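Have a look at the structure below before the remarks.
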Amino acid sequence: MKLVQSFLVIIAVVVFSGCLKTRSEVSPTEQSYIARKKQQQESQRIDSTSTEVITDPQETIRALNGRIEVLENQVNILQAQKENSLAATAADAQKIATLQEALARMETQIQKLETEKQLAKTSDENLKQNELVNTPSIKGKRTSYDIAEELFGKKEWKRAILSYQKFAEEFPKSKLVPDAKYKTGVAFQELGLKDEALAFYEEVSVQYPQTLAGKKSKIRISNLNKPAGKSKKK
């Protein structure tokens with residue numbers, strides 16, 4: 001049995017040794033076949049790699065498309081918000097313009113009312129002055145001029161001065177004002193207050209030179225400016 005096994009081993013070694021060839025012992029045909037085999041294997045490997053390479057960009061493109069859709073949705077949302085904001089701004093501008101127009105109308109109405117008020121006030125003053133043009137009384141009522149005249153006749157100079165001045169303040173456009181101011185100067189002169197008297201005489205002579213009071217005031221001024229000892233006219 002052992003002899004048989006040893007014999008088989010020897011035969012196998014001889015056969016295996018006979019199958020081993022060096023590169024120089026391989027025929028050109030065999031070398032060409034081996035080269036083609038290797039080329040096919042390499043081509044298959046490259047095709048497999050190319051498929052993998054092609055597969056990766058497609059996944060990348062799909063991922064990018066997904067991101068693009070998200071960005072487009074965000075842009076659409078922002079655009080809608082912008083349009084809403086512009087619409088709100090336009091509405092606010094319209095409201096402001098409406099308020100400005102209303103304010104302008106109110107200012108015009110206020111100005112008109114102020115003008116009417118001023119005209120009414122002026123008309124009232126003119127009416128009062130017209131009632132005092134040629135009469136010392138108003139519809140039978142005593143005025144401060146009437147009271148001053150009465151006090152002046154009684155030689156109550158201080159009270160007469162106050163009444164004349166009150167009348168001039170109440171009715172500055174009355175034709176009786178020059179006489180009231182002239183008699184105010186006379187009352188001051190009667191009280192011995194020369195400077196105060198001269199002030200009123202000069203005012204009447206300058207402001208009302210053509211009136212009787214103005215002419216009388218000039219005479220009073222001349223007499224007061226004369227040296228002492230000479231006569232004075234009242």
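Odds and ends about this structure:
- Residues in the stretch 90-114 that are of a type in the set (Val, Ile, Thr) and modelled with pLDDT of 80 or more: ILE96, THR98, ILE110.
Residues checked against (1) of a type in the set (A, V, I, L, M); (2) modelled with pLDDT of 95 or more:
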| position | (1), (2) |
| --- | --- |
| PHE152 | no, yes |
| LYS158 | no, yes |
| ILE161 | yes, yes |
| GLU170 | no, no |
| ASP179 | no, yes |
| GLY185 | no, yes |
| PHE188 | no, yes |
| LYS194 | no, no |
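The values are calculated or read from the model by the stated rules, or taken from the named source; none is laboratory data. These numbers were taken from a predicted model, which means no experiment stands behind them.
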